[in-house]
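The values are calculated or read from the model by the stated rules, or taken from the named source; none is laboratory data. All values derive from a computational prediction rather than experimental measurement. Backbone-built Cβ (ideal geometry, glycine too); neighbour counts: all protein chains shown.
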There are 2 protein chains.
Amino acid sequence: MKAIVYVGLKPGVLDPQGRTIAGSLQNLGFDEVKSARQGKVIELDLKSENAEAAEARVTEMCEKLLANTVIESYRIEIEA
Amino acid sequence: MKAIVYVGLKPGVLDPQGRTIAGSLQNLGFDEVKSARQGKVIELDLKSENAEAAEARVTEMCEKLLANTVIESYRIEIEA
């Protein structure tokens, strides 16, 4: 079973990486870029067989390690 | 218009970040984790009005700046 975790900065949290990307794109002539934000995707390969139980466990992984919940939010997708 | 770009290492390319994540999760007691891979998501806010034209431009952005196509692959999603 696969789990895909998307971790991104919460709205309002300053994102210097995103700002650099937007600035660089504009410098390259991509004037249509208004802003950019960068997050991460973590793809987990799991031994679990039960999707619901897997989601609960992956939520625990996010809270404990994968996301810094003070400034980041996360979203989980489970694939069979 | 919004564009979401997913950038990940191509299969076969060593992913030390992903390996560290998998190891740390296992150390925390999440024994069901077989492996992990980490990628990035870039969310772009665009002035463009035409989805097809926007996708072509974002592809160009990926080739020029957002992805290192030697070792990374990318996927683009356009949201109205």
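Overview of results
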item	result
Considering residues of the range B:2-53 that are among the polar types (S, T, N, Q) and outside any loop (DSSP other than H, G, I, E, B) only, the residue farthest from the chain's Cα centre (by Cα)	B:ASN27
The range B:53-80, residues that are at pLDDT below 95 and of a type in the set (D, E, K, R)	B:GLU79
Positions within the range B:2-16 being surrounded by 16 or more Cβ atoms within 10 Å (Cβ to Cβ) and among the aliphatic types (A, V, I, L, M), in sequence order	B:ALA3, B:ILE4, B:VAL5, B:VAL7, B:LEU9
Meets criteria (more than 7 Å from chain B (Cβ to nearest Cβ), at pLDDT 95 or above and surrounded by 13 or more Cβ atoms within 10 Å (Cβ to Cβ)) for A:GLN26	yes
Checking B:GLY12 against (1) modelled with pLDDT of 95 or more; (2) more than 9 Å from chain A (Cβ to nearest Cβ), the condition it does not meet	(1)
Given (1) over 30 Å from A:LYS64 (Cβ atoms); (2) among the charged types (D, E, K, R); (3) touching a residue at least 12 places away in the same chain (Cβ under 8 Å), number of the condition B:GLU77 does not satisfy	(1)
Inter-residue pairs, beta-carbon under 8 Å, first in contact (Cβ under 8 Å) with a residue 60 or more places away in the chain and in the range B:1-24, second basic (Lys, Arg) and assigned to a loop (DSSP other than H, G, I, E, B), 6+ apart	B:MET1/B:LYS47
Meets criteria (away from chain A (no Cβ under 12 Å) and in contact with a strand residue (DSSP E or B) (Cβ under 9 Å, 6 or more places away or on another chain)) for B:ILE76	yes
Residue selected from the range B:42-52 under the condition hydrophobic (A, V, I, L, M, F, W, C) and modelled with pLDDT of 95 or more, by the criterion surrounded by the most Cβ atoms within 10 Å (Cβ to Cβ)	B:LEU44
Filter pass, B:ASP31 being at the interface with chain A (Cβ under 9 Å from one of its Cβ atoms), within 17 Å of A:ARG37 (Cβ to Cβ) and of a type in the set (Asp, Glu)	no
Residue in the range A:57-65 that is surrounded by 15 or more Cβ atoms within 10 Å (Cβ to Cβ), in contact with a Phe, Trp or Tyr (Cβ under 8 Å, 6 or more places away or on another chain) and facing chain B (nearest Cβ under 7 Å) present	yes
Residues satisfying the stated conditions in the range B:40-74, i.e. of a type in the set (D, E, K, R) and under 22 Å from A:ASP15 (Cα atoms)	B:LYS40, B:GLU43, B:ASP45, B:LYS47, B:LYS64
Long-range neighbours under 8 Å by Cβ, at least six apart or interchain, first residue within 12 Å of A:LYS2 (Cα to Cα) and touching a residue at least 40 places away in the same chain (Cβ under 8 Å) within the range A:47-74, second part of a helix (DSSP H, G or I) and not β-branched (Val, Ile, Thr)	A:SER48/A:ALA54; A:SER48/A:ARG57
Number of the exception - B:ASN68 against (1) part of a loop (DSSP other than H, G, I, E, B); (2) within 12 Å of chain A (Cβ to nearest Cβ)	(2)
